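We did not get these values from a lab; they are worked out from the coordinates using the rules stated. Keep in mind the model is a prediction, meaning the values are calculated, not measured. All Cβ positions, glycine included, derive from the backbone under ideal geometry; neighbour counts span all protein chains shown.
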Amino acid sequence: MAKATAKILKYPVLEVFRDKETKKKYPVGSEYETDDQDRAEYLKEFGYLGEPVTDDDSGKTLDDEVTVKPDDKNPDPAEFESKTNSKADKE
């Protein structure tokens, strides 16, 4: 009897790391593909991976937020909070 194959998921890399199993280096912004959910959860726990990328064409993850843009009813963009990295603002 053939063993069922697990679904391969892609995860965005948030922190540079070298996979101890494959010895492959993953830079920030690349994608980590695996069918080993335990391994992916371990890497997510330590901040190396983000949420899995969905199969749709948008490239958004399951936790992406919808950004509301100003319109004619609310033209003042100053009313919208900035989602900038405060660390980057200080540098």
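At a glance:
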{"read-out": "Label-point gap, in nm, between F46 and K20 - each point 7 angstrom along Cα→Cβ", "value": "0.6 nm"}
{"read-out": "Derived scalar couplings ³J(HN,Hα) [the range 27-39; Karplus, 6.51 cos²θ - 1.76 cosθ + 1.60; whole Hz; x for Gly, Pro]", "value": "x, 4, x, 7, 10, 9, 10, 7, 10, 9, 5, 5, 5"}
{"read-out": "Fully extended contour minus Cα-Cα distance, from A6 to R39, at 0.36 nm per residue", "value": "10.6 nm"}
